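Before any comments, here is the structure.
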Amino acid sequence: MFIRLLIPTIAVLLFLFEPLLAMFSPIVIGEQIVFLVPRFLILYLIFIAIYYNRKRAVLYGLFFGLLYDVFYIDIIGLYSFLYPLLCFIAGWSVKYIHQHLVITTVLAVMLVASMEIALYEFFFLINFTPMTFQMFLNNRLIPTIMANLIFLAMLGWAFKYLINKRVLQRAHNGA
């Protein structure tokens, strides 16, 4: 029972933890201003889609995407669409890739990069950001990807272990 509640509890904690870390951004490195955007929740949801259950990950993605839209950006539908879409793609790709931790980490980082680009393009389209794509690439996308890659390198194995533990518990209990 504990493992069953632990998976959504971690998702809630990551949802609450992301904005706390985002408060430390931007960072000035030399003469360059760098934005680090934590995307820990979507990385976790991608791991759920790959290692546990695509349908459940899509539902979590819809729920947390809607919460993200309501609490953090005031544009309903953006994250509500992107989070479940990324979970669906991650779960779908399992049919075609090996579920090794390194491969799934690369896939998760690529999906987060595609989400960041989609968000940039949307905000650029509605004139919400004056940032050029080159500035976005250098000052936000690459630092964000590096920061999230470090996060996954530190905790990806824990995510996989926890999710696999739930899969084993589910198989043992038949539920």
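The values are calculated or read from the model by the stated rules, or taken from the named source; none is laboratory data. Remember, it's a predicted structure, so these values are computed and weren't measured experimentally. A quick note on method: Cβ atoms are made from the backbone with ideal geometry, for glycine too, and the neighbour counts reach across all protein chains shown.
Worth a mention:
- Restricting attention to the range 117-143, the residues that are in contact with a helix residue (DSSP H, G or I) (Cβ under 6 Å, 6 or more places away or on another chain) and not hydrophobic (A, V, I, L, M, F, W, C) total 2.
- Condition met for Leu59 (at pLDDT 95 or above, crowded, with 17+ Cβ neighbours inside 10 Å and either more than 13 Å from the chain's Cα centre (by Cα) or basic (Lys, Arg) (or both)): no
- Taken together, Arg166, Arg140 contain a single residue that is in contact (Cβ under 8 Å) with a residue 40 or more places away in the chain, closer than 22 Å to Asp74 by Cα and either surrounded by 13 or more Cβ atoms within 10 Å (Cβ to Cβ) or not aromatic (Phe, Trp, Tyr) (or both), which is Arg140.
- Any hit, the range 13-28, residues being in a loop (DSSP other than H, G, I, E, B), within 17 Å of Leu155 (Cβ to Cβ), at pLDDT 90 or above and of a type outside the set (Phe, Trp, Tyr): no
- Search result, residues across the range 93-116 that are of a type outside the set (D, E, K, R), touching a helix residue (DSSP H, G or I) at 6+ places or on another chain (Cβ under 7 Å) and either in a helix (DSSP H, G or I) or closer than 22 Å to Pro143 by Cβ (or both): Ser93, Leu101, Thr104, Thr105, Leu107, Ala108, Val109, Leu111, Val112, Ala113, Met115
- Every pair of residues 6+ apart whose Cβ atoms lie under 6 Å, when the first sits in the range 4-25 and is in contact (Cβ under 8 Å) with a residue 24 or more places away in the chain while the second is basic (Lys, Arg) and assigned to a helix (DSSP H, G or I): Ile7/Arg166
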